[in-house]
């Protein structure tokens, strides 16, 4: 635990990728395989399900620290992270456990799940007392599932590749699925990651998908596209769907569906299970899972808003009604494996041509071919992009015709761009503020925004909240808003302050839908602050009618 | 009778007709210490503890009308007996003890309870009413012993030096910088300071505080190999500025009590945060308050509401004083 805590401290203490790589290499070169196995798991974003209810952690921490509840709460509001708060409030420990990460996880922490409350109450203080403060904070972060440190999966992959003298893409391939809940890290699974290349690597991968190739955002004006991207004929254009990116893997008579987060989601999409019998073994498709309007005619916009897909994901069980109301399809747009061969190093246009043949040869109702858009010029495509909102898509994807299928956000093997339409935007008024977490701890950085419920000049009109947002401001702006919030506070309810409305922000969001859960009757997706409208008085902020107009 | 009340100009002593650390110009100002938010210019008369005279003059000008009093010495003014007692915060910092008709009040300004060798250590003073700051008035703020922190700083400097990197340590120029200089292992390498730090070092040295040799950072050329072995002390205003570019590849750190929280350190964007404060931590505040024996506590700048509520629950008569302190030094990083 101590060695991992030291690694955490080193990673947390620098912004340099090289310094992080060095720290990772040094850690992995010394860690026993069983500890390294868990370290990879956590660093690559793996999170076991919550081990102990948060409420119980709080109660226990309050008890052990001897503080009144309200003071614990005040402290938590300042720190912005429960694990860190508890580690700061518990009495200092004179001990520092020498047990390794794996031992801690497997012998002490994982067994806590499902234990009766009394048992957890008895065990935790004994465990905590064995840890120095840094290890304690880490242990608590592992318990609460809030372990995060500025390391990407790609960086962990690179560190392991350097250590084992392997190609980073090979390690990335082996890492796929490593953080899935179904996989329990072990010395064997770690040693597999760094093992020397073997001849039967390909046949040993079971249901594993390939690392996803990700697109970069394109934000330049269309006039610059010729200079930036070259002729339009070098590119393949498609709609950018707003669903769940997924790989469908068919091997050895079985079907696996993986989400972009490399989670196995096969069970969530029974509609696609028929592909198990239709697709030949040794096939991997890349595409987007979308809710498709049942019985839609060709004139209808068949793709349904992401909100519906999200509702489905939220359900524990998928009932008949839900499956009938919100059935899914796969819009396939890439072919990564065919007849057991890895196709990723073939050019985009070749993969596409083969994909078209596969979809035609093995037709299955839920398998669709994501259409290509044709345009003579960038301006032509830009014009087609204007229809995006009406068609329920987010814009266009541009894929280099000779691009290979890269790993993550690489650019050296060919490029994919997402060319999204501009977000919706309205001018809204800040009415509530709450202190943030992590870097924003102690700062009033999470805001609730409102619009007017009636047009300007209507007597007695009021502000109705419709969105919360916390991103988009610079640190400097955030500090200023924080100061204004403190000065204009009207009332404090727990961690939330209501303020005299004085601040107007242009809020951007991706989608808008009717909602019964919000006072305004409207829910927006990915709201964020686009800019601070210092020039706008509160009276000139938008009203509900503006939002309702966007709904159609 | 209240010996100190809050007025728009500052904390005021009605029977004595003078102010303590006023934030607007007044006739008579009693100054607890030389940080900018406690000692402002424009007052007609200044009174401060003798060891703080050098600081005050160097910050407010040689010409100010300044009277001093040694720690423990007494001065009678309109029937109020006034004396200064060490606050352990920075060089010359003092608590102001006021006695009038048998009633004793102590205004403590800013204070720290751990002795650090660069100023007279905090001295508890018995009183009926104690005026306390609350900068770090939350139980999450508990300082590790300073020896631990100095060992961390030395280790960081040594490791940077081994990697051929300069070590830039950002901290407040007055108080914190000298305390760190005093605690550092100067045998590791040369120590360079920003132009804002050196004048204060001079005052400390003149007051008899043994600080290691320091060099003015501006005297070194951009590529001087010495820079890669050096520890450079800079004020927060220089952090991340073009002034820093001259050091080539460097590691930076910030020394402040706020570094106790991961979020504040990350917001600073520095490689390392060293938990070192010239204010009392939570146990320090509670200890100091208990030592005074005061039944009434007036809480100023910081986590005012928290401390007032906590002390009230402990059976003390605790109230808030609204002040304008905490605008400078490290009292205003975040307002919890």
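The values are calculated or read from the model by the stated rules, or taken from the named source; none is laboratory data. None of the values given here were measured: they were computed from a predicted structure. Every residue, glycine as well, gets a Cβ built from its backbone with ideal geometry; the counts of neighbours run over all protein chains shown.
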query = Would it be correct to say that residue A:550 is under 26 Å from residue A:457 (Cα atoms) and part of a helix (DSSP H, G or I)?
reply = yes
task = Taking the residues in region A:59-88 that are over 31 Å from the mean Cα position of the chain (by Cα) and at the interface with chain B (Cβ under 10 Å from one of its Cβ atoms) as candidates, determine which candidate is farthest from residue B:145 (Cα to Cα).
result = A:70
request  = Looking for whichever is touching a strand residue (DSSP E or B) at 6+ places or on another chain (Cβ under 7 Å) and either closer than 24 Å to residue B:256 by Cα or at pLDDT 95 or above (or both) here; the options are B:91, B:56. Which one fits?
outcome  = B:56
query = Can you tell me which residues in region A:344-363 are surrounded by 16 or more Cβ atoms within 10 Å (Cβ to Cβ) and either more than 18 Å from residue A:401 (Cα to Cα) or under 27 Å from the mean Cα position of the chain (by Cα) (or both)?
reply = A:344, A:348, A:358, A:359
Selection from region A:89-126 of residues that are within 14 Å of another protein chain (Cβ to nearest Cβ) and farther than 22 Å from residue B:145 by Cβ = none
query = Hey, any hits in region A:290-306 for a residue that's in a helix (DSSP H, G or I) and in contact with a strand residue (DSSP E or B) (Cβ under 7 Å, 6 or more places away or on another chain)?
reply = yes
message = Is it the case, given these coordinates, that residue A:467 is touching a residue at least 12 places away in the same chain (Cβ under 8 Å) and not in a strand (DSSP E or B)?
response = no
ask   = Within region A:357-372, is there a residue that is touching a helix residue (DSSP H, G or I) at 6+ places or on another chain (Cβ under 6 Å), in a helix (DSSP H, G or I) and at pLDDT 95 or above?
value = no
remark   = Given (1) more than 10 Å from chain A (Cβ to nearest Cβ); (2) farther than 26 Å from residue B:198 by Cα; (3) part of a helix (DSSP H, G or I), residue B:243 misses just (2)
query = Restricting region A:107-123 to residues that are crowded, with 16+ Cβ neighbours inside 10 Å and closer than 16 Å to residue A:1 by Cα, which is nearest to the chain's Cα centre (by Cα)?
reply = A:109
ask   = Within the group B:152, B:114, B:123, B:162, which residue is under 27 Å from residue B:205 (Cα atoms) and within 14 Å of chain A (Cβ to nearest Cβ)?
value = B:152
inquiry  = Being outside any helix (DSSP H, G or I) and under 28 Å from residue A:436 (Cα atoms) is true for just one of A:55, A:49. Which residue is that?
reply    = A:49
ask   = Does region A:13-33 hold any residues that are touching a helix residue (DSSP H, G or I) at 6+ places or on another chain (Cβ under 8 Å) and buried (at least 19 other Cβ atoms within 10 Å of the Cβ), and which are they?
value = A:20, A:23, A:24, A:27, A:28, A:31
ask   = Identify, please: which residue in region B:248-270 is surrounded by fewer than 21 Cβ atoms within 10 Å (Cβ to Cβ) and in a loop (DSSP other than H, G, I, E, B) and is, among those, nearest to the other protein chains (Cβ to nearest Cβ)?
value = B:269
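To keep it simple, each residue is scored yes or no on (1) over 30 Å from residue B:262 (Cα atoms); (2) modelled with pLDDT of 85 or more; (3) assigned by TED's automatic domain parsing to the domain that holds residue A:350; (4) part of a strand (DSSP E or B).
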residue	(1), (2), (3), (4)
A:404	yes, yes, yes, no
A:431	no, yes, no, yes
A:435	no, yes, no, yes
A:439	no, no, no, no
